[in-house]
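A.B. asks: Structure incoming, see below.
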Amino acid sequence: MLDPRRDGQLRPSELIARLGLRSDAVVADIGAGPGYFTLPLAATVPDGRVIATDVEPRFLELAVARARARGLRNIVVQPAPRDRPGLEAGSIDLAFLCQVDQSLGDRAAYLRALVPSLRPGGRIALVNTVAHRAADLAAADAAALRVVDEWQPSPSFFLLLLTPRREAP
Ligand SMILES: C[S@@+](CC[C@H](N)C(=O)[O-])C[C@H]1O[C@@H](n2cnc3c(N)ncnc32)[C@H](O)[C@@H]1O
């Protein structure tokens, strides 16, 4: 997950720039693993924070150690249940999931459960290999999400940026 060869395929700096995050944004890196994206996301939101979640606490420990070594203090870690995000309502500006959605079981149900954690104007970023694009688009539609941006960092990968079709009243 920390293989530097991923950089060429995922172009993390450009991908994160594409997210248009404010410096005070709160981002949930769901299925963060050892923090390949968590650390650069945290550097992008110096006045906000990144909540790194994962079902494997050992990966989160590694992410924390790597963040500490780089002097990043705006990362909090949260062990995640397997079947739901486990985030507080109205707590995040962006949910970021890279190569995780294939492990979520019912993708549409998971995305639906994620929506209440979004603040007004909040978005969900899905990054994965193109083989998952159709399933992700179908799940987004079933979860009443619309695509606000799409980008390919390389021919093998996509970024889908989603937002609720209707904001909660
Ligand atoms: C392929 S790795 C990707 C890690 C990281 N997002 C990245 O791009 O480097 C998938 C990660 O998702 C985690 N994971 C799997 N199922 C999950 C779930 N239901 N909720 C949260 N994390 C999950 C795994 O433990 C693993 O760390």
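A.B. asks: Can you tell me which residue in the stretch 93-129 is nearest to ALA32 (Cα to Cα), limited to those that are in contact with a Leu (Cβ under 6 Å, 6 or more places away or on another chain) and assigned to a strand (DSSP E or B)?
C.D. replies: The qualifying residue nearest to ALA32 (Cα to Cα) is LEU97.
A.B. asks: Need the failing condition index for GLN99 against (1) out of contact with any strand residue (DSSP E or B) (no Cβ under 6 Å at 6 or more places or on another chain); (2) on the phi > 0 side of the Ramachandran plot, just the number.
C.D. replies: Answer for GLN99: the failing condition is (1).
A.B. asks: Would you list the strands (runs of 3 or more DSSP E) that sit entirely within the stretch 1-80 and hold 2 or more residues that are within 14 Å of the ligand (Cβ to nearest atom) and either open to solvent by 50 Å² or more (accessible area, probe 1.4 Å) or not hydrophobic (A, V, I, L, M, F, W, C) (or both)?
C.D. replies: In the stretch 1-80, the matching strands (runs of 3 or more DSSP E) lie at 49-54, 75-79.
A.B. asks: Does ARG107 meet the test of being within 11 Å of the ligand (Cβ to nearest atom) and either in contact with a Pro (Cβ under 8 Å, 6 or more places away or on another chain) or free of Cβ contacts under 8 Å to residues at least 60 places away in the same chain (or both)?
C.D. replies: Considered against the rule, which asks whether it is within 11 Å of the ligand (Cβ to nearest atom) and either in contact with a Pro (Cβ under 8 Å, 6 or more places away or on another chain) or free of Cβ contacts under 8 Å to residues at least 60 places away in the same chain (or both), ARG107 comes out as yes.
A.B. asks: Residues of the stretch 130-160 being surrounded by 20 or more Cβ atoms within 10 Å (Cβ to Cβ), assigned to a strand (DSSP E or B) and aliphatic (A, V, I, L, M), which ones?
C.D. replies: Hits for the stretch 130-160 are LEU145, LEU159, LEU160.
A.B. asks: Kindly list the number of the only condition in (1) closer than 26 Å to HIS132 by Cβ; (2) open to solvent by 60 Å² or more (accessible area, probe 1.4 Å) that fails for ALA89.
C.D. replies: It is condition (1) that ALA89 fails.
The values are calculated or read from the model by the stated rules, or taken from the named source; none is laboratory data. Fair warning: this is a prediction, and the values are worked out from it, not measured in the lab. Cβ sites come from the backbone with ideal geometry, for glycine too, and all protein chains shown count toward neighbours. Ligands, DNA and RNA are stripped out before the accessible areas are found, and what is left, the full protein with its side chains, is counted by its heavy atoms. Shrake-Rupley method; radii C 1.70, N 1.55, O 1.52, S 1.80 Å.
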